[in-house]
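Just so it is clear, none of the values below were taken in a lab; they were calculated from the coordinates. This is a predicted model, so every value here is computed, not measured.
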């Protein structure tokens, strides 16, 4: 792989231009003084020295003072991989705040449509980037019918990332089993009568997004939609909170408990 391609790759760790040149040169030379780096990269000696000092303060290089000069060594490439992952995760966490800075002219809803089973999985994967709790309308039985490893693959990963979920689901046999596992699954579910609220689609509200997934008899007919809009997401949150309070009144009145005893 030529250096030009490597430049693009290591830029993910924040090394651009001269910094990338020096890092790649260091990997080839090992420990060397600033003069050797300047000769290797064709840079000015003083400018090269200043760059190396800055990279040392950023822990990209290490420096050892010898009798007549300071010798610099780049950290292993594995260190850059860790830094790149940190940068990507920090950017994901900052996305809601960054989007909020955009002016009104740039706040038009952004809609993405995904087809098939792979598309539905991409929608679920996006919910795992949530910086807020996930608010969820779902049929616990349907998603597990089509995604048999849903709990082991998706729910476990959501828990690992520390993303809490509040959900409203039909009060049926599967719904009650899932509800019984709430604490371990970092969620709180409220059940509503399945006869009146038998959801066929799943809706997830998080950050400035609304994600909708739909299953059918044929996997090729599955689809998912992600709507990205602060205004739309805020309205959907309010609708969810209204339904959440309604579900609480049903529980207090014993509606779902009575239905559960009849099943």
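A convex hull fitted around the alpha carbon atoms of the chain yields 181 Å³ per residue.
Determine the calculated [θ] at 222 nm for the chain from helices alone, applying -39500 (n - 2.57) to every DSSP H run no shorter than 4 residues and normalising by the residue count; nearest 500 deg cm²/dmol. Write out the running numbers ahead of the final one.
On the way: 11 runs with 127 residues, N = 263.
Taking each H run of at least 4 residues, the total per residue is -15000 deg cm²/dmol.
Between 42, 26, 162, the Gaussian network model of the chain with springs among Cα atoms under 10 angstrom shows the greatest mean-square fluctuation at 42.
In the range 100-176, Rg over Rh equals 1.03, where Rg is the alpha-carbon radius of gyration and Rh the Kirkwood radius from pairwise Cα distances. Please give the Cα centre distance for the range 138-167 versus the range 74-101, rounded to the nearest Å. Distance between centres, Cα-based: 26 Å.
Here the scattering of the range 108-262 is modelled by Debye summation over its C-alpha atoms, one equal scatterer each and no solvent; at q = 0.14, 0.15 Å⁻¹ the log10 of I(q)/I(0) is -0.68, -0.79. Given contacts defined as C-alpha pairs under 8 Å and at least six residues apart, what's the relative contact order of the range 3-80, whole-number percent? Computed value for the range 3-80: 28 percent relative contact order.
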